[in-house]
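Only one structure is covered here, and it is reproduced in the block below.
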Amino acid sequence: MKRLIREPLLHFVVLGAALFAIDASLRENSGPAGDDQIVVSRGRIANLAALFEKTWQRAPTSAEVRTLVDDFVLEEALYREGKALGVDIDDTVIRRRVRQKMEFALEDIIEHEAATDPQLEEWLAEHPERYTRPSRYRFRQLYLNPERHVTTLAADAERALASVRALDEDADPRQIGDPSVMEHAFPDASVAEVVSTFGEAFTESLADLPIGEWTGPVRSTFGLHIVRVDARTPGTLPPLDDVRASVERDWSFAERAAASKRFYGDLVARYRLVIEWPENMQSQTEPKDANEPSDR
Amino acid sequence: MKQPAKTVLVAASVALVAVSSAALAQDAGTEKPKPDAYPGKAYSPYAKRSFPARPLWGDSHLHTALSMDAGLFGNRLGVEDAHRFARGDEVMASSGQPAKLSRPLDWVLVADHSDGLGLVQDIAAGAPEVMRSEQGRRWVEGMRKGGQAGVAAALDLITTFSNAKMDPEMFANYSPGSNKYKSIWQRAVDAAEKYNDPGHFTALLGFEWTSLVKGANMHRNVIFRDGPQQAKRIVPYTTQAPVGSPDPLDLYKWMESYEAKTGGSTLALAHNGNLSNGIMFPIDAQYSGRKLDKHYVEQRAKWEPLYEVTQIKGDGEAHQVLSPDDSFADFEHWDVGNLDLSVAKTDDMLAGEYAREALKRGLALEQRLGTNPYKFGMVGATDSHTSLATAQEDNFFGKHTGYEPSPERMSHPFMKTDQGVLHSWQQSASGLGGVWAHENTRESIFDAMARKEVYATTGSRMVVRVFGGWEFTDADLSSRQLAFLGYAKGVPMGGDLRKREGESGPNFLVYALRDPIGANLDRIQIIKGWLDADGKTHERVYDVVVSGDRAIEDGRCATPVGNTVDIAHASWTNTIGASELATVWTDPDFDAAQSAFYYVRVLEIPTPRWVVYDAYRFGVEIPEGARTILQERAYTSPIWYTPAK
């Protein structure tokens, strides 16, 4: 089936066949039998009555059924004459409706395919960053606020590090460094939690620090920190079964998007395009790259 | 984010030579540790916390293509795209440009309008149910023409809806009772559920109940604590007869029946009182003329523990007409008229519209009727109709698809009637909700909202904490574990002060840390509202701690923080302000016989508004009259004091 998905033009054939089948069943049911004949089958009458009931919440009387049939006959006749005269051409509403029906039918076919385990395994291996359980850290930090160490920040950081290293293992180091509203100890913080408090650069630094000793200084967007990582649980890529639902969701989202893109691309490629761009389209306004404010 | 603040910090060091405090600096590098400032606790760094370590950031008000106005304005992104974007993925916006958040959100609530859910897809397709009706055909025409005609059709649809003039036969297909409606709702719930990832990312379930009376906004978002099992047993409540009603009392009844039927829990939060022309926070009678009574105040207090105080359609904390002594009250206001600008605003309406005044009215109503109906916590949200939860000035995708980034988006009016004009540059790139939840799950986030331990920001992710009590002292500030101390000695935002101890006024341990990639802080303020012995309400804004060595005299710092914004280059620097601020503040004017509330407002240093980034990136002019600079801010839920009986 994978090959089928990768072969968009085949969709069109499948879809064509499906539409043809519906069309044939309708013709059996009612509708045009020949150019000069309008057949209203029992199936069609039942269908008209059901539509009436849906709107009015009751079955139509026989008089109302007759009116419905008369109306259907008139609609069919006008539809055929209108089509013959070409009034459906260039009508935005009709075009949209036809497009929508096509897209709807195609989406069903694309969505119908279920992923196989090898496909999901392959997806997982190709996108480890999406499913890896982030690293977690057990760490403490002491903060040096640059506003308070205007010209001596680096030296003060070295002194603070020496002071904390000189302490007994179980002594309280919290008076070293500056008072801050940032938490001192993080028993079990995910990467996301660390980033949300200290920013990305600080978080990246944690990955390479030795375990069980005071070290630093480590820079954050706030200033310098003396840091002690007491435990690090590295990120792991879980087995498929643990993340199956997420992998399936993302695989099918991507597959659907890629398949329809390919399909519509191939569809348009069957036509030779002649587009008469207006002159002013030659020099379009392109946005500049996103401006980065100085501390971002 | 890739560039740490190296250069800024160096610059800050130079700028702050003059103000650096020697007394404070001596803390660093101390040879021997002092005893712990919080006595009775041995050093046990990883002692288990019983409180959340960080706020969870989210948007409780996001619309997708399922909302009829969003669809009409050209949004083609559905519920799945909205969640993918919120959790940090890059998506293609409806206008065909890639969009991505600077940082993922922790949670999101897609809150599509319950009325007419799915209608617009059928208008776009010219479906027979729509074409049968005269007004339906009119909108199909508008959509066919596209561009500004499409926008006009959307506005016409909103007006028709807000005046309750929808063709009933057509609208029945897009209302509770039809199978079509049920299946649209259930598919939306399933799509959200796919992205709910407990512990990592939460997809809250809910909807918007879009009550409008003559264009006056009484909208509420409804949030469930529950998952699909409960949510799929109901369909959302609407405002159009015969099933729905625009009266909040009927919404409360529906919420009660939801809980009874499913065993679940739900709450509601209103928004855009600023577009209600005075009917959001009534003091005497409801919009219908019905007098406020015990029933009304009890029901409102029970079902509406929160208010959405800031969003794209304007900031609703305070208004300068109501608070002439508040020099920061004139901020990002939409005060021209009601939602569809069919009735112009008059000053007498404002008191029923802004959060601060509502908190005050609540005290008066509590005295009169026994319950405070406006005892709400505060969050910010976007109310974006693009499926893209963008609240950052430098990454703002506008109110709806027609205002996604483009060289032209600043230049035409957002809305214009014979009653007034709203300019597109008045869109406010706001806001976010910070939730002090223990875990990133539906239940935990809902519970934090229910106990009001939440705060609003205008888009910044600054950390703000406040604890109210009777025995905080300045010495507490030297503690290196403020939150432990705060919870031990006081109550957090959203709470009620414990029974009074001693003779002094209540005191508040309050602190804020700037967004790690955002602007420094200018000041922390505490805003007090109270009810006097004559039944009159009052308010006062106290500056409680400010950056640098600026003086605070009689509760006010008259010296502005300064301004580093460079309009031409759309930039600013953290060379002024402070990265963190903390203080203990005691109410100097406390009267134990008077009920009161206290909430915190934190101001950042000035930064550019989104129009400045647009002008720089597209090389276009900023429209005349457009504001270019703002001070982003946070508003916490209040802490209340009630006199002992």
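Take the Cα radius of gyration of segment B:116-172 and divide it by 2.2 N^0.38 Å, N being the number of residues; the result is 1.00.
Across segment A:209-283, the fraction of Cα-Cα pairs farther apart than 22 Å, rounded to a whole number, is 67%.
Between A:Val73, B:Asn217, A:Ala166, the Cα set farthest toward the positive side of the dipole of the protein assembly as shown (charges on each charged residue's Cβ, about the Cα centre) is that of A:Val73. Each residue of segment B:442-456 was assigned a 3J(HN,Hα) from its phi angle through the Karplus curve 6.51 cos²θ - 1.76 cosθ + 1.60 (θ = phi - 60°); the sequence is 4, 5, 5, 5, 4, 5, 5, 5, 5, 8, 6, 8, 9, 8, 9 Hz, with glycine and proline shown as x.
For segment B:198-306, the equivalent ellipsoid built from the Cα gyration tensor has semi-axes of 25, 15, 14 Å, listed from largest to smallest.
Backbone amide hydrogens, once placed in the peptide plane, bring B:Ala437 within less than 5 Å of B:Leu56, excluding anything fewer than 5 places away on its chain. Using a 1.4 angstrom probe, figure out how much accessible area the protein assembly as shown has per residue, in square angstrom, rounded to the nearest whole. About 43 Å² of surface per residue is accessible. Report the percentage of all Cα-Cα pairs in segment A:40-96 whose separation exceeds 18 Å, rounded to a whole percent. Roughly 47 percent, rounded to a whole number. 3J(HN,Hα) along segment B:264-272: x, 10, 8, 9, 10, 9, 8, 8, 6 Hz, from the Karplus curve 6.51 cos²θ - 1.76 cosθ + 1.60 with θ = phi - 60°, whole Hz, x for Gly and Pro.
The C-alpha atoms of chain B define a longest principal axis, and helix B:179-193 lies at about 30 degrees to it.
Taking the longest Cα principal axis of chain B as reference, the axis of helix B:355-369 is set at about 90 degrees. Counting Cβ atoms of other protein chains within 10 Å of each residue's Cβ and taking the mean over peptide A:140-152 gives 6.
Principal-axis analysis of the Cα atoms of chain B puts helix B:6-15 at an angle of about 50° to the longest axis. Expressed as a whole percent, the accessible area of segment B:60-121 that falls on carbon and sulfur atoms is 53 (1.4 Å probe). Restriction of the chymotrypsin sites (Phe, Trp or Tyr not before Pro) in segment A:50-137 to DSSP coil positions whose beta-carbon has at most 12 other beta-carbons within 10 angstrom yields no sites.
Largest first, the three principal axis extents of the alpha carbons in segment B:282-435 are 54, 39, 32 Å in whole numbers. Between B:Leu359, B:Thr371, B:His385, the Cα set farthest toward the positive side of the dipole of segment B:334-387 (charges on each charged residue's Cβ, about the Cα centre) is that of B:Thr371. Considering all C-alpha pairs of segment B:362-517, those separated by over 22 Å amount to 59%.
Seen from a random direction on average, the alpha-carbon convex hull of segment B:462-641 projects onto 12.4 square nanometres.
Mean sequence separation of contacting Cα pairs (under 8 Å, at least six apart), scaled by the length of chain B, corresponds to a relative contact order of 13 percent. Between amide H atoms placed 1.01 Å from N, distances below 5 Å from B:Ala285 occur with B:Leu292, all of them 5 or more places distant or on a separate chain. Computed with the Debye formula from one identical point scatterer per Cα of chain B, without solvent, the log10 of I(q)/I(0) at q = 0.07, 0.08, 0.09 Å⁻¹ comes to -0.43, -0.57, -0.73.
Of the whole protein surface, A:Thr67 contributes about 90 Å² of accessible area at a 1.4 Å probe radius.
Taken over the protein assembly as shown, the percentage of Cα pairs per 20 Å bin, counting from 0 up to the bin with the maximum distance, is 13, 43, 33, 10, 2, 0. Basic side chains Lys and Arg get +1 at the Cβ, acidic Asp and Glu get -1 at the Cβ, and with that the dipole of chain B about its Cα centre reaches some 1360 debye. For chain B, the 222 nm mean residue ellipticity estimated from helices alone, with every DSSP H stretch of n ≥ 4 adding -39500 (n - 2.57) and the total spread over all residues, rounds to -7000 deg cm²/dmol. A run of chain B free of exposed loop cleavage sites, with GluC sites (Glu not before Pro) counted only in DSSP states other than H, G, I, E and B and at most 14 other beta carbons within 10 Å, reaches its longest extent at B:91-407. Pairs with C-alpha atoms separated by more than 22 Å, drawn from the list B:Lys302/B:Lys399; B:Lys294/B:Lys645; B:Lys214/B:Lys291; B:Lys182/B:Lys302; B:Lys294/B:Lys360; B:Lys214/B:Lys345, are B:Lys302/B:Lys399; B:Lys182/B:Lys302. Convex hull volume per residue, computed on the Cα atoms of segment A:134-233, equals 90 Å³.
The values are calculated or read from the model by the stated rules, or taken from the named source; none is laboratory data. In this text, all values refer to a predicted model and were calculated from it rather than measured experimentally. So basically every Cβ, Gly included, is an ideal-geometry build from the backbone, and we count neighbours across all protein chains shown. Surface areas here come from the heavy atoms of the whole protein model, side chains and all, with no ligands, DNA or RNA. Shrake-Rupley method; radii C 1.70, N 1.55, O 1.52, S 1.80 Å.
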